[in-house]
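Comments concern the structure below.
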Amino acid sequence: MDLGQRGVRLIVDALEANYQVTALGEDAGWIREVVRGLSANDWAAEVLRRAMRRGRCLITGDSAACAGLGVAICPLSAAAPETDAEMAAAALAPYLRAGALVILEGDTRLRQAAEVFSATAELLTPLQVGRDVSLGYVMEDSDLPGCVVSGVDPRSADRTEEFYRGLNRSVSAVGTFETAELAIAVRNALRAQAEGDDAAAMIAASGRHPPSPERPR
């Protein structure tokens, strides 16, 4: 998951909660650069390096490392969340098993992304999303109190909430994707107001939000 420093924090929290972690990305070298960029005295750096030495954290571009996954977190870009969801489902399909939890991380067109992920996974596997595989959603943002979580059904939402609470995160659980998107709209309005922009226009512009920083090239 190419999430920069936020992704490193998530990996560290999962390691401290005793998960075995695989960080998968097309450009695994970029994730390694983020890790190397941590201060030598940073507690996160020490947790990561110790976990890698002990084989508890693998950073790779090979999707075969997902075999036996229990929880998968899939980042969605602002520009193309549906495409990202389709690619994530295709990459995970050979390794999905009944009982797995997949979490989509993003803040734009959540329902559409979830529908694309579900359709792709169900096309490529005999599993049914919701019945066999739980599909949740999370948005984490410094402008919100904790993370907003939801799911395609109550069980998926409950499992997503339980996972993030297990990482000692403050969690705001909402019942539907629409409610989650409303939280995003409020976040965008607060940002716009703080920056002197038109908050009403930000709410009206469906799916719009400040662009995410581009990954280094």
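The values are calculated or read from the model by the stated rules, or taken from the named source; none is laboratory data. Just so you know, these numbers come straight off a predicted model, no measurement behind them. Don't worry about glycine lacking a Cβ; one is built from the backbone with ideal geometry, like all the others, and counts go over all protein chains shown. Accessible surface is based on the protein model in full, side chains and every heavy atom, while ligands, DNA and RNA are left aside. Shrake-Rupley method; radii C 1.70, N 1.55, O 1.52, S 1.80 Å.
Does Arg36 satisfy being more than 26 Å from Gln112 (Cβ to Cβ), at pLDDT below 75 and out of contact with any Cys (no Cβ under 9 Å at 6 or more places or on another chain)? Yes: the conditions hold for Arg36. Can you tell me which residues in the stretch 118-144 are part of a helix (DSSP H, G or I) and acidic (Asp, Glu)? Correct list: Glu122 only. Close Cβ contacts (under 9 Å, 6 or more residues apart or on different chains) running from residues in the stretch 43-66 that are farther than 17 Å from Leu24 by Cα to residues that are among the charged types (D, E, K, R) and assigned to a helix (DSSP H, G or I) comprise Ala44/Arg9; Ala45/Arg36; Val47/Glu16. Within the stretch 122-145, can one find any residue that is over 24 Å from Arg165 (Cα atoms), among the polar types (S, T, N, Q) and at pLDDT 95 or above? Yes, the conditions are met somewhere in the stretch 122-145.
Looking at the stretch 92-111, which of its residues are in contact (Cβ under 8 Å) with a residue 40 or more places away in the chain and surrounded by 17 or more Cβ atoms within 10 Å (Cβ to Cβ)?
Initially, the stretch 92-111 is screened for residues in contact (Cβ under 8 Å) with a residue 40 or more places away in the chain, giving 101, 103, 105, 107-111.
Answer for the stretch 92-111, where residues must be in contact (Cβ under 8 Å) with a residue 40 or more places away in the chain and surrounded by 17 or more Cβ atoms within 10 Å (Cβ to Cβ): Leu101, Ile103, Glu105, Asp107, Thr108, Arg109, Leu110.
Only one entry of Thr120, Thr83 meets the criterion of being of a type in the set (Val, Ile, Thr) and open to solvent by 30 Å² or more (accessible area, probe 1.4 Å), and that entry is Thr83. Modelled with pLDDT of 75 or more, open to solvent by less than 70 Å² (accessible area, probe 1.4 Å), more than 26 Å from Arg111 (Cα to Cα) and out of contact with any strand residue (DSSP E or B) (no Cβ under 8 Å at 6 or more places or on another chain), is that true of Gly29? When the stated conditions are applied, Gly29 does not pass them.
All conditions but one from (1) β-branched (Val, Ile, Thr); (2) over 16 Å from the mean Cα position of the chain (by Cα); (3) at pLDDT 80 or above apply to Thr176; the one that does not is (3). Take the stretch 85-126 and flag every residue that is closer than 18 Å to Leu10 by Cβ and touching a Pro at 6+ places or on another chain (Cβ under 7 Å). Matches in the stretch 85-126: Glu105, Gly106. When Glu86, Glu115, Glu178, Glu162 are screened for being touching a residue at least 40 places away in the same chain (Cβ under 8 Å), in a helix (DSSP H, G or I) and of a type in the set (Asp, Glu), only Glu178 passes. The residues listed here are Tyr137, Tyr164; of these, the one that is in contact with a Leu (Cβ under 7 Å, 6 or more places away or on another chain) and either of a type in the set (A, V, I, L, M, F, W, C) or under 26 Å from Ala17 (Cβ atoms) (or both) is Tyr137. Among the residues of the stretch 54-64, is any at pLDDT 90 or above and surrounded by 17 or more Cβ atoms within 10 Å (Cβ to Cβ)? Looking through the stretch 54-64, none of the residues is at pLDDT 90 or above and surrounded by 17 or more Cβ atoms within 10 Å (Cβ to Cβ).
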